[in-house]
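The structure under discussion appears below in the form of structure tokens.
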Amino acid sequence: MIALGEVLVEIMRKELDVSHNVPGVYLGPYPSGAPAIFIDTVARLGSNAGFIGVVGDDDFGELLVDRLRGDGVDVSYLRITEGYTTGTAFVMYYSSGSRRFIFHLRHAAAGQLCPEDVKKDYIADSKILHIMGSALSISESSREACYKAARIAHESNITVTLDPNLRPELLDVETIRRICKPVLQVSRIVFPSKLEATTLTGIKDPIKAGKSLIEMGPEMAVVKMGSKGAITVTGEEITYEPAFDVSEIDPTGAGDIYDGAFVHGLLQGWTLRRIMEFASAAGAIKVTRFGPMNGPSSRKEVEQFIQEHKKRINSEELEDSS
């Protein structure tokens, strides 16, 4: 399993509703970057994982390399470059749950990913290639690196998965639609949020939007709806999986961790229902923890979370019936 794209540190407001233009306290740096969160999750859950990206020759870069390597990710193609600082993102949270970012990526090391970083044998020897829309949006060279990887994977019969991961702070929506199209056409699975599905298709209903997406190329559209669960749409069926009821602390990275857990289940050959339950549990664990990459530490933790949840539901049902 390989992912490529931006890897960065995230620095987060301590308090809610404090704008970036107001002096105040931030927490961090935390390892981040949607493709990096995804691949770190894949490794922690026990699947083979490799990452292609660029960091600066600085303390932030060292933090990121150490984190990914320590969690079992192959970082032999994570390039350390001089002359560029490691990518950063500053994020604030509103009481509503929405977020506001300031990115330093295009002119940082993260934006220097290029086609030369993508080696044919490395991609062709994998089983799945995962691409994020944010990696397509950062810079032209990063986008061309993703396109090259997608072409190699497609020609080698490697499964391609895509998370649109729309970032309006980086590019406008119409441009994002256009640059996602070449990857969408060769993808087997697309993982949009409900809003992203609407943005890409112009359709508000998640099921109809999912059907529209699979007409563009993928076999499967997994529409993530946060606390309302997820819907998987294929040409043959529609499968709904409810979300786990947890107290949210930090939603950042939950969608990327959901993707990683879903792909892990795919690699194990599980049924779709089991995959969706597992991915939902992994995402639920993440939102209870502060820090973008701080999801489940292992497959065992996710499975125990599911079992404990089922026991609690059964206990509550028994109490209600007595």
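The values are calculated or read from the model by the stated rules, or taken from the named source; none is laboratory data. Here the structure is a predicted model, which means the values were calculated and not measured. Backbone-built Cβ (ideal geometry, glycine too); neighbour counts: all protein chains shown.
The table for this structure:
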item: Residue match in the stretch 59-66 (condition: crowded, with 24+ Cβ neighbours inside 10 Å, within 16 Å of the chain's Cα centre (by Cα) and either of a type in the set (Lys, Arg) or closer than 20 Å to Asp117 by Cβ (or both)); result: no
item: Options Thr198, Thr161: the member that is crowded, with 17+ Cβ neighbours inside 10 Å, under 20 Å from the mean Cα position of the chain (by Cα), modelled with pLDDT of 90 or more and part of a helix (DSSP H, G or I); result: Thr198
item: From the options Lys119, Lys148, residue that is over 19 Å from Asp256 (Cβ atoms), surrounded by fewer than 24 Cβ atoms within 10 Å (Cβ to Cβ), in contact (Cβ under 8 Å) with a residue 40 or more places away in the chain and out of contact with any Asp or Glu (no Cβ under 7 Å at 6 or more places or on another chain); result: Lys119
item: Hits in the stretch 235-281 (condition: of a type in the set (S, T, N, Q), surrounded by 14 or more Cβ atoms within 10 Å (Cβ to Cβ) and not in a helix (DSSP H, G or I)); result: Thr239, Thr252
item: Number of positions in the stretch 80-116 that are crowded, with 18+ Cβ neighbours inside 10 Å and within 18 Å of Leu171 (Cα to Cα); result: 11
item: Boolean, Lys300 is within 28 Å of Ala89 (Cβ to Cβ), in a helix (DSSP H, G or I), basic (Lys, Arg) and without any contact (Cβ under 8 Å) to a residue 40 or more places away in the chain; result: no
item: Residue tally, condition assigned to a loop (DSSP other than H, G, I, E, B) and farther than 22 Å from Val160 by Cβ, over the stretch 1-45; result: 12
item: Residue within the stretch 217-226 that is touching an Asp or Glu at 6+ places or on another chain (Cβ under 8 Å) and closer than 24 Å to Asp172 by Cβ present; result: no
item: Sole residue being touching a residue at least 12 places away in the same chain (Cβ under 8 Å) and either within 21 Å of Leu8 (Cα to Cα) or touching a Lys or Arg at 6+ places or on another chain (Cβ under 7 Å) (or both), chosen from Met276, Met293; result: Met293
item: Condition met for Ser212 (surrounded by 17 or more Cβ atoms within 10 Å (Cβ to Cβ) and either part of a helix (DSSP H, G or I) or among the aromatic types (Phe, Trp, Tyr) (or both)); result: yes
item: Number of the condition not met by Lys286 [criteria: (1) assigned to a helix (DSSP H, G or I); (2) at pLDDT 95 or above; (3) more than 21 Å from Leu64 (Cβ to Cβ); (4) touching a helix residue (DSSP H, G or I) at 6+ places or on another chain (Cβ under 9 Å)]; result: (3)
item: Subset of the stretch 231-273 that is more than 30 Å from Tyr93 (Cβ to Cβ) and aliphatic (A, V, I, L, M) - its residue that is farthest from the chain's Cα centre (by Cα); result: Ile238
item: Filter result (surrounded by fewer than 24 Cβ atoms within 10 Å (Cβ to Cβ) and on the phi < 0 side of the Ramachandran plot) within the stretch 25-40; result: Val25, Tyr26, Leu27, Pro29, Tyr30
item: Positions within the stretch 1-44 being under 16 Å from Leu63 (Cα atoms) and without any contact (Cβ under 8 Å) to a residue 40 or more places away in the chain, in sequence order; result: Gly28
item: Counted residues, the stretch 90-134 - those being part of a helix (DSSP H, G or I), more than 22 Å from Ser156 (Cα to Cα) and at pLDDT 95 or above; result: 4
item: Hey, Tyr77 crowded, with 22+ Cβ neighbours inside 10 Å, among the aromatic types (Phe, Trp, Tyr) and touching a residue at least 24 places away in the same chain (Cβ under 8 Å) or not; result: no
item: Residue selected from the stretch 297-322 under the condition among the hydrophobic types (A, V, I, L, M, F, W, C) and over 13 Å from Ala279 (Cα atoms), by the criterion modelled with the highest pLDDT; result: Ile313
